[in-house]
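The values are calculated or read from the model by the stated rules, or taken from the named source; none is laboratory data. Just so we're clear, the structure is a prediction, and the values are computed from it rather than from any experiment. We place every Cβ from the backbone using ideal geometry, glycine too, and count neighbours over all the protein chains shown. Keep in mind that these areas ignore ligands, DNA and RNA; they rest on the heavy atoms of the full protein, side chains included. Shrake-Rupley method; radii C 1.70, N 1.55, O 1.52, S 1.80 Å.
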Amino acid sequence: MSQAPIPSASAAAGTHPLPSYLQADKLGPWGNYLQQVDRVIPHLGSLGRWAETLKRPKRILVVDVPINMDDGTIAHFEGYRVQHNVSRGPGKGGVRFHQDVTLSEVMALSAWMSIKNAAVNVPFGGAKGGIRVDPKTVSQGELERITRRYTSEIGIIIGPTKDIPAPDVNTNEQVMAWMMDTYSMNTGSTSTGVVTGKPVDLGGSLGRRDATGRGVFTVGVEAARHIDLDISTSRVAVQGFGNVGGVAGRLFHETGARIVAVQDHGGTIYREAGLDVPALIRHVAETGSVGGFPNAEVIANELFWEVDCDIMIPAALEEQINAANAGRIKARMIIEGANGPTTPEADDILQERNVLVLPDVIANAGGVTVSYFEWVQDFSSFFWDEAEINARLVRIMKEAFAGVWQVAQDHKVTLRTATFIVACKRILHTRQLRGLYP
Ligand code: GLU
């Protein structure tokens, strides 16, 4: 039987107007994501008839998170879990605690997870969660109650074969342990596979903590070879010095590269001869930021973007590299440790200026790759050693990056569009194989 054609994206939007929360004003992360999708559609061939699916998250859950505060009052927090696409497997992606988290931001982050998971070919769809809370303003007990109530509220859509959360900005192994315990209590089971990024003693994986930074470093080394950039003599500037930027900074430092500038919420520090990275990692662990680090010059935050460097690693939040600063960046290569750090306008400026951008959807995929290993280990209750995990991680990242590089050459597009081509084809191919139900 012949199938009725699926209307094109614009026709579909015309006959069936998008829900209000999808009508992005082209500003913000969701708007940026939609522009990235528009850039890939001309390269999708016949799979393009399914492309509209990429512009609509499959499932959005907004939850109220009420908790008893230490002072006897009751506070309400807003929580989200968005499953963008589950064609290739269960939803997968982190949970972010941040005072500025919004639904449309979480939608974008969930969509980038779909692209990322398909780009490295792990059998997951894309999902993301968030709670509007500044964790610095609540006690440890309050944080635990927020986490547990949120987990309970999203419990109706998460699960080891449904959607598997993980750490993201301001969440960590302890938060994952509470989530695993809450879900397990509610289901009367020991469900280690419901979240990844857990403590190693609770079904976590060796190597998970460093995995995102290790992946950033791995693709950086691969890309540098293509542009004749010698990593061991390079100068690196890093924004965000937590689990991603700190680890990537350490690995670059260990090759002999100089980490000349680091910026975080505590300010921007600079040292032309290179910062003492192990000491800086200890300082951030003890004080919470790079502020007050001895033996470095403090420079204005704006000047970070003009620092003389070869490699820049944005490893903090979205939209940091935008039309206002992209023209001032001196680096030859940008490795996106963060999700969504570069706006589409900035992408165009950087391309024009011949700055190579290694996009988030491949560059920071190391975290979720080891999350995949963790999930597999949890299912089999058989755990691998760290050398094996790191070797598998590096192999997957190198192979995925080589494939994306080739597609970029073949289609004469940026690495971002090339990664989207690889990933969207995989997603839409499975979409087509599964077909529409009913
Ligand atoms: N939050 C990380 C990311 O943005 C990891 C997600 C995961 O491991 O599921 O890729």
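Can you pull out the residues in the range 251-267 that are touching a strand residue (DSSP E or B) at 6+ places or on another chain (Cβ under 9 Å) and assigned to a helix (DSSP H, G or I)?
Phe252, His253
For the range 184-196, give me each residue that is open to solvent by 20 Å² or more (accessible area, probe 1.4 Å) and closer than 22 Å to His98 by Cβ.
Within the range 184-196, no residue meets the criteria.
I'd like to check something: does the range 166-177 contain any residue that is open to solvent by less than 10 Å² (accessible area, probe 1.4 Å), within 14 Å of the ligand (Cβ to nearest atom), in a helix (DSSP H, G or I) and more than 28 Å from Lys55 (Cα to Cα)?
yes
Identify all residues within the range 147-165 that are out of contact with any strand residue (DSSP E or B) (no Cβ under 8 Å at 6 or more places or on another chain) and open to solvent by 40 Å² or more (accessible area, probe 1.4 Å); write none if there are none.
Selection gives Arg148, Ser152, Thr161.
Restricting attention to the range 423-436, and to residues there that are open to solvent by 80 Å² or more (accessible area, probe 1.4 Å) and free of Cβ contacts under 8 Å to residues at least 24 places away in the same chain, which single residue is nearest to His226 (Cα to Cα)?
Selected residue: Leu433.
Look through the range 239-267, keep the residues that are open to solvent by less than 30 Å² (accessible area, probe 1.4 Å) and on the phi > 0 side of the Ramachandran plot, and return whichever of them is nearest to the chain's Cα centre (by Cα).
Result: Gly240.
Select, from Gly267, Gly246, Gly274, the only residue that is at pLDDT 95 or above, among the small types (Gly, Ala, Ser) and in contact with a Lys or Arg (Cβ under 8 Å, 6 or more places away or on another chain).
Just a single option satisfies the conditions, and that option is Gly274.
Return yes or no: is Glu302 away from the ligand (no atom under 16 Å from the Cβ) and modelled with pLDDT of 95 or more?
Yes; evaluated as a whole, the condition is true for this residue.
Considering every residue within the range 192-200, establish whether at least one is outside any helix (DSSP H, G or I) and more than 16 Å from the ligand (Cβ to nearest atom).
no
Given (1) within 30 Å of Glu153 (Cβ to Cβ); (2) assigned to a helix (DSSP H, G or I); (3) open to solvent by 60 Å² or more (accessible area, probe 1.4 Å), where does Leu54 come up short, assuming only one miss?
Among (1) within 30 Å of Glu153 (Cβ to Cβ); (2) assigned to a helix (DSSP H, G or I); (3) open to solvent by 60 Å² or more (accessible area, probe 1.4 Å), the lone unmet condition for Leu54 is (3).
Taking only pairs six or more apart or across chains, which ones have beta-carbon atoms under 9 Å, a first residue in the range 265-286 that is of a type in the set (S, T, N, Q), and a second residue that is in a loop (DSSP other than H, G, I, E, B)?
Going by the 9 Å Cβ cut-off, the qualifying pairs are Thr268/Val290; Thr268/Ala300; Thr268/Val307.
For the condition under 30 Å from Ile396 (Cβ atoms) and buried (at least 24 other Cβ atoms within 10 Å of the Cβ), what is the one hit in Val355, Val361?
Testing whether each residue is under 30 Å from Ile396 (Cβ atoms) and buried (at least 24 other Cβ atoms within 10 Å of the Cβ) leaves just Val361.
Please determine, by comparing only the residues of the range 204-238 that are open to solvent by 10 Å² or more (accessible area, probe 1.4 Å) and not in a helix (DSSP H, G or I), which one is nearest to the ligand (Cβ to nearest atom).
Ranking the candidates gives Gly207 first.
Scan the range 57-72 and give yes if some residue there is surrounded by 20 or more Cβ atoms within 10 Å (Cβ to Cβ) and out of contact with any Asp or Glu (no Cβ under 8 Å at 6 or more places or on another chain), otherwise no.
Yes.
Mind checking whether some residue in the range 132-146 is open to solvent by less than 10 Å² (accessible area, probe 1.4 Å), within 16 Å of the ligand (Cβ to nearest atom) and at pLDDT 95 or above?
Scanning the range 132-146 turns up no residue that is open to solvent by less than 10 Å² (accessible area, probe 1.4 Å), within 16 Å of the ligand (Cβ to nearest atom) and at pLDDT 95 or above.
Quick one: what pairs do we get from the range 409-422, first residue in contact (Cβ under 8 Å) with a residue 24 or more places away in the chain, second among the charged types (D, E, K, R) and in a helix (DSSP H, G or I), C-beta under 6 Å, 6+ apart or different chains?
Thr417/Arg39
Does Val82 qualify as being closer than 21 Å to Leu317 by Cα, assigned to a loop (DSSP other than H, G, I, E, B), within 16 Å of the ligand (Cβ to nearest atom) and not aromatic (Phe, Trp, Tyr)?
no
Cβ-Cβ distance below 7 Å, separation of 6 or more or different chains: which pairs start in the range 381-397 with a residue that is within 13 Å of Ser205 (Cβ to Cβ) and end on one that is assigned to a helix (DSSP H, G or I) and of a type in the set (Lys, Arg)?
So the pair list comes out as Asn390/Arg214; Leu393/Arg214.
What number of residues within the range 268-323 satisfy the criterion of being hydrophobic (A, V, I, L, M, F, W, C), more than 18 Å from Leu356 (Cα to Cα) and surrounded by fewer than 15 Cβ atoms within 10 Å (Cβ to Cβ)?
Residues flagged as hydrophobic (A, V, I, L, M, F, W, C), more than 18 Å from Leu356 (Cα to Cα) and surrounded by fewer than 15 Cβ atoms within 10 Å (Cβ to Cβ) within the range 268-323 amount to 6.
Give me the residue from the range 77-95 that is touching a helix residue (DSSP H, G or I) at 6+ places or on another chain (Cβ under 7 Å) and among the charged types (D, E, K, R) and, out of that set, surrounded by the fewest Cβ atoms within 10 Å (Cβ to Cβ).
The qualifying residue surrounded by the fewest Cβ atoms within 10 Å (Cβ to Cβ) is Arg88.
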